[in-house]
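Only one structure is covered here, and it is reproduced in the block below.
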Amino acid sequence: MNQNGIRAGMQQDKNAAAEEVEYIRPEEIEARSFQIIGEELAMRGIRLPADQEDVTKRVIHASADFDYAQTMTYSPDAVAIARRLIRNGADIVTDTNMAFAGINRKTLARFGGNVHCFMAEEEVAAEAKARGITRAAVSMERAASISKPVIFAVGNAPTALICLYEMIRKGIYTPAFIIGTPVGFVNVEASKELILQTDVPCIVNRGRKGGSNIAAAVCNALLYGIGGRD
């Protein structure tokens, strides 16, 4: 194909792309996104349980990945339990600063809750190095000293989930709620299954997928379902 033909083909592609663009007011973009998610779920023949729908849809919104409609796993009455904890002032502890930044802290604060991430603290890093364990594990131990119910939102470190499981198993500490969505390959799937074996109410994404954005999305869906958003 000569240069003129290539240019003509490129122009056709540009024209086609321009025709596909939806011109939507900024404040309407999120609503349109959720409309598309609902339409695509229906096309796939997927009907989400009513009590889980807004959480799973927000996870799909954060990832553009419809696999989450199949892999998001909820313990009995998980969403209702988590929202009751939030209403009663529970704190949220994350395993990454990314999740910390992504959670709507103003909305949580309206109920008396705070978000914590201990990962970047020098004392946590020093203790982890001295003991030969991960900062995530030390952070979970530190969170166990918070004197109020805690929702753990783990989106990165399977060692955080394993640490929580060990504290539960040994009777050292019982979290109020666990959101388990770490991403990766080493111990990721196994750590999630450990949490699902406990009696702690939880929302877990089975498999390798997840991430800090997913943990934050779950938290925000829980928050927006009871308190709107700031």
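The values are calculated or read from the model by the stated rules, or taken from the named source; none is laboratory data. This one's a predicted model, so the numbers in the text were calculated from it and none came from an experiment. Note: ideal-geometry Cβ built from the backbone for every residue, glycine included; neighbour counts use all protein chains shown.
Observations on the model:
- Spans of helices (runs of 4 or more DSSP H) in the range 144-230 with at least 1 residues at pLDDT below 95 and closer than 21 Å to residue 55 by Cβ: 212-227
- The number of residues in the range 77-99 that are part of a loop (DSSP other than H, G, I, E, B) and either within 13 Å of the chain's Cα centre (by Cα) or within 27 Å of residue 35 (Cα to Cα) (or both) comes to 3.
- Taking (1) of a type in the set (Gly, Ala, Ser); (2) at pLDDT 95 or above; (3) over 29 Å from residue 160 (Cα atoms) in turn, residue 69 satisfies each apart from (3).
- Test: residue in the range 115-129 that is modelled with pLDDT of 95 or more, outside any strand (DSSP E or B), within 19 Å of residue 92 (Cβ to Cβ) and touching a Gly at 6+ places or on another chain (Cβ under 7 Å): no
- Residue match in the range 87-97 (condition: surrounded by fewer than 17 Cβ atoms within 10 Å (Cβ to Cβ) and either closer than 27 Å to residue 158 by Cβ or without any contact (Cβ under 8 Å) to a residue 12 or more places away in the chain (or both)): yes
- When residues of the range 177-220 are limited to those that are of a type in the set (Gly, Ala, Ser) and over 24 Å from residue 146 (Cα atoms), the one surrounded by the fewest Cβ atoms within 10 Å (Cβ to Cβ): 190
- The range 42-55 - residue that is free of Cβ contacts under 8 Å to residues at least 40 places away in the same chain and in a helix (DSSP H, G or I) and, of those, nearest to residue 225 (Cα to Cα): 53
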